[in-house]
Every structure is written in C-alpha cells, then in structure tokens.
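Asker: Here it is, the structure in full.
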Amino acid sequence: HSYQQISLSIEQRVRAGIFGYGRYYLRGGKTFTKVPLPLLQVPTGNETPFFILHGYNLMPFFAFATDEYVSLRYDHHFEGAFSITNRLPLLKKTKMILVAGGAVLQGRLTDKNKPQETEGNLTNFRSLGRDPYAEVNVGFKNIFQVFRVDLVHRLTYQKLDAPLWGVRMSVSVNP
C-alpha cells in the first residue's frame with residue numbers, strides 16, 4: 001500500500017531548580033492520503049491498572065482514530081527544597097518523590113479517512129473533533145525504591161465508556 005505520512009516527536013528534560021525537574025513529550029503527525037484503518041494514528045488507550053507514560057490512562061482502547069494529531073505530555077518530579085516529601089519527616093525517610101503531570105491530544109480524522117457506514121463495526125472509531133482529550137495525574141514514585149502510584153483524572157470526553165478517575169501503578173528498576 002502506498003501512502004504519505006509524516007510524524008515528529010520531541011522530548012526534553014527541563015531542570016526547575018529547587019522545584020525538581022520536568023520532562024515533556026511533544027508529538028505530531030499527518031497522513032496525507034487515504035489509508036486503511038491500521039495505518040491511521042490510534043492513540044494508546046489504557047484499561048489496565050498500570051500507568052503508561054506515553055499513553056492515555058483513562059481512554060478506552062481504540063476509542064479514537066486520527067490522521068492529523070498533536071499531543072503533549074508533561075511529567076514533573078518534585079525534588080529539592082520545596083518537595084513535600086522532603087518537608088514531612090515520615091515521608092522524607094521513605095525517599096518517595098511527588099510527581100504530577102498531564103496529557104493532551106488534539107487530532108481529527110479528515111473526510112478522506114472517515115469510515116463509511118458500509119464498513120460495519122469500523123464506525124466505532126471516532127475523531128476527536130473540536131475538543132482535545134485531556135487528563136491529569138498526581139502521585140508518588142520511588143515507593144520501596146521500585147513502585148509508582150498515580151491518581152489520574154480525565155478532564156474532557158466525560159461520557160466515554162471508562163471511569164473519570166483511576167489509580168494506576170508502574171514498576172521501575174533503576175540501578
């Protein structure tokens with residue numbers, strides 16, 4: 001199958017002095033030609049209890065499809081003098097780190113790639129439309145030197161068949 005598609009991603013760690021550091025991930029892409037559904041950009045939904053940094057943790061699997069999109073994720077790690085975990089004696093001993101962030105996705109499905117009614121169940125995919133998909137998270141990492149637990153809240157698309165709030169965890173082994 002012949003098609004034209006372009007994508008760009010940028011990520012950067014940004015020091016915030018006494019407030020710790022942040023990391024942002026900016027991605028965008030466009031498909032210029034008509035393509036079958038598997039070649040469209042389908043955002044990574046997550047219906048599991050695990051936190052996915054490059055996904056959308058309260059978006060159902062395969063909820064949207066786009067052929068033009070831009071996404072931004074920001075993840076901030078509060079370390080240093082103003083960290084709440086450094087100010088409370090019990091938390092300071094645990095060496096946990098407060099994290100907060102969010103993800104926004106804006107995209108659309110142009111007319112050339114919108115599924116037709118005759119394509120059966122492909123009509124379950126939809127475009128994001130005017131409103132971006134957005135969610136925020138706050139949690140702690142470095143729990144027992146391995147775990148991260150986040151409380152996640154979806155800000156937009158409140159009527160999706162998925163909860164508005166969720167607790168997600170992840171495991172990270174750092175030498």
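Asker: Just need a number here: residues in the range 130-167 that are basic (Lys, Arg) and exposed (fewer than 15 other Cβ atoms within 10 Å of the Cβ). I'd like the intermediate steps shown before the answer.
Answerer: Here is the first cut: in the range 130-167, the residues basic (Lys, Arg) are 130, 141, 148, 154, 159.
Restricting the remaining residues to those that are exposed (fewer than 15 other Cβ atoms within 10 Å of the Cβ) gives 130, 159.
Adding up the residues that qualify gives 2.
Asker: Let me ask something else. Here is a list of conditions, (1) surrounded by 14 or more Cβ atoms within 10 Å (Cβ to Cβ); (2) over 21 Å from Phe147 (Cβ atoms); (3) out of contact with any Lys or Arg (no Cβ under 9 Å at 6 or more places or on another chain), and Arg27 meets all of them except one; can you say which number that is?
Answerer: Condition not satisfied by Arg27: (3).
Asker: Taking the conditions exactly as written (surrounded by 15 or more Cβ atoms within 10 Å (Cβ to Cβ) and aromatic (Phe, Trp, Tyr)), does Tyr3 satisfy them or not?
Answerer: Criteria not met by Tyr3.
Asker: Going by what's in this entry, would Phe62 be described as more than 27 Å from Leu164 (Cβ to Cβ) and either touching a Gly at 6+ places or on another chain (Cβ under 9 Å) or open to solvent by 50 Å² or more (accessible area, probe 1.4 Å) (or both)?
Answerer: Criteria not met by Phe62.
Asker: Next up: Just the residues that are within 28 Å of Lys141 (Cα to Cα) and either surrounded by fewer than 15 Cβ atoms within 10 Å (Cβ to Cβ) or of a type in the set (Ser, Thr, Tyr) (or both), please, taken from the range 6-24. If you could, list the steps in order and put the result at the bottom.
Answerer: First pass over the range 6-24, keeping only residues within 28 Å of Lys141 (Cα to Cα): 9-24.
Within the range 6-24, Ser9, Ile10, Glu11, Gln12, Arg13, Val14, Arg15, Ala16, Gly17, Ile18, Tyr21, Tyr24 meet the criteria.
Asker: If you don't mind, another one. What do you reckon, is Val70 in contact with a helix residue (DSSP H, G or I) (Cβ under 7 Å, 6 or more places away or on another chain) and surrounded by 14 or more Cβ atoms within 10 Å (Cβ to Cβ)?
Answerer: no
Asker: Test Phe78 against the stated conditions and say whether it is in contact with a strand residue (DSSP E or B) (Cβ under 9 Å, 6 or more places away or on another chain) and without any contact (Cβ under 8 Å) to a residue 60 or more places away in the chain. Give the steps one after another, and end with the answer.
Answerer: On the way: in contact with a strand residue (DSSP E or B) (Cβ under 9 Å, 6 or more places away or on another chain): yes; without any contact (Cβ under 8 Å) to a residue 60 or more places away in the chain: yes.
So Phe78 passes the test.
Asker: One residue is enough: does the range 7-29 have a residue meeting the conditions in contact with a Ser or Thr (Cβ under 9 Å, 6 or more places away or on another chain) and of a type in the set (Asp, Glu)?
Answerer: no
Asker: Can you report the number of residues in the range 118-156 which are part of a loop (DSSP other than H, G, I, E, B) and modelled with pLDDT under 95?
Answerer: Summing the residues that are part of a loop (DSSP other than H, G, I, E, B) and modelled with pLDDT under 95 in the range 118-156 gives 9.
Asker: May I ask you to list the residues in the range 32-57 that are farther than 30 Å from Gly80 by Cα, out of contact with any helix residue (DSSP H, G or I) (no Cβ under 7 Å at 6 or more places or on another chain) and surrounded by 17 or more Cβ atoms within 10 Å (Cβ to Cβ)?
Answerer: The first filter runs over the range 32-57 and keeps only residues farther than 30 Å from Gly80 by Cα, leaving 32-48.
After this cut, where a residue has to be out of contact with any helix residue (DSSP H, G or I) (no Cβ under 7 Å at 6 or more places or on another chain) as well, the list is 32-33, 36, 38-39, 41-48.
Gln41, Pro43, Gly45, Asn46 - these are the residues of the range 32-57 that are farther than 30 Å from Gly80 by Cα, out of contact with any helix residue (DSSP H, G or I) (no Cβ under 7 Å at 6 or more places or on another chain) and surrounded by 17 or more Cβ atoms within 10 Å (Cβ to Cβ).
The values are calculated or read from the model by the stated rules, or taken from the named source; none is laboratory data. The structure presented is a predicted model; accordingly, all values stated were derived computationally and were not measured. FYI the Cβ positions are ideal-geometry reconstructions off the backbone, even for glycines, and counts take in every protein chain you see. Remember, those area values only see protein heavy atoms, side chains included, never the ligands or the DNA or RNA. Shrake-Rupley method; radii C 1.70, N 1.55, O 1.52, S 1.80 Å.
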